């Protein structure tokens, strides 16, 4: 079978709409994941202060909370992947991000953390920002392990590698080829037997990640303009992250197309960490009340940076139909050159 044949099949799989049954099962799986987080998850993720925010900093025994959240997120991702992963790419990872997002909404906003730190010292922003940057890394570890676990669950359902000429169906091809875990350098080949020709090259991926990170940072800064004196709310924070990362993913895929959304996902923690480190380094605006941060990046909880950002990237890949296997990588460039060299009829 020639390379163009299965690649064309993959493009057809991208645009094939879900059936009513598939949509129903998907919605049920997401509802199940959200319910698990709002019940079981809330029991060990709720802050010590009833009016506090969901954060590793607002609960005693943050390490235990992290491990429990990790187990719950990976478990939910595996369950959802087994239910609907064969025809929707990254549905397991999305369910983990969705669960983390909804449980964060049950607590207070970032204002609660700011108030608790401001009560200790007026010059609180540096320490708070650096601690939040470290927490962002922890929540992204949860997302990465959930992504790997859900991909392994899909592979368990369909043993074997993912060679281009081995796909069994269009639905299966969509879920397998567009799984971010299969695109991971080194681990993609060792854990999932991914073929080199089906992965994004490191240079393409790094260009994509850099573009998504820069655009994401700028988008959040622009969307946050004028909020310095406004009350911090969950809706405000989630909208800014979601809109910023969706736009960043769209632009990055135009600048440097990739074969999966792995490289857009890697930009999510970069945006959080760089933004929070900048918040720690920038001068404090003395004219603002102590409970209002000088930097807009402090108005968003780390769990929301990662969860909402991850969900936005995944939704972008579904909505914009970004995976276009025929036009990606060196093989796609070679085909475009060949087609342009042929005389027109």
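Observations on the structure shown:
- Criterion (modelled with pLDDT under 85 and under 20 Å from residue 97 (Cβ atoms)) met by exactly one of 239, 247, 192, 174: 174
- Any hit, the range 196-218, residues being at pLDDT below 80, in a helix (DSSP H, G or I) and more than 26 Å from residue 17 (Cβ to Cβ): yes
- Yes/no for residue 133 being in contact (Cβ under 8 Å) with a residue 12 or more places away in the chain, under 18 Å from residue 295 (Cα atoms) and out of contact with any strand residue (DSSP E or B) (no Cβ under 6 Å at 6 or more places or on another chain): yes
- Flag if residue 283 is part of a loop (DSSP other than H, G, I, E, B) and over 30 Å from residue 116 (Cβ atoms): no
The values are calculated or read from the model by the stated rules, or taken from the named source; none is laboratory data. For clarity, every value in this text was computed on a predicted model and none was experimentally measured. With ideal geometry, Cβ positions are generated from the backbone for all residues, glycine too; neighbour counts draw on all protein chains shown.
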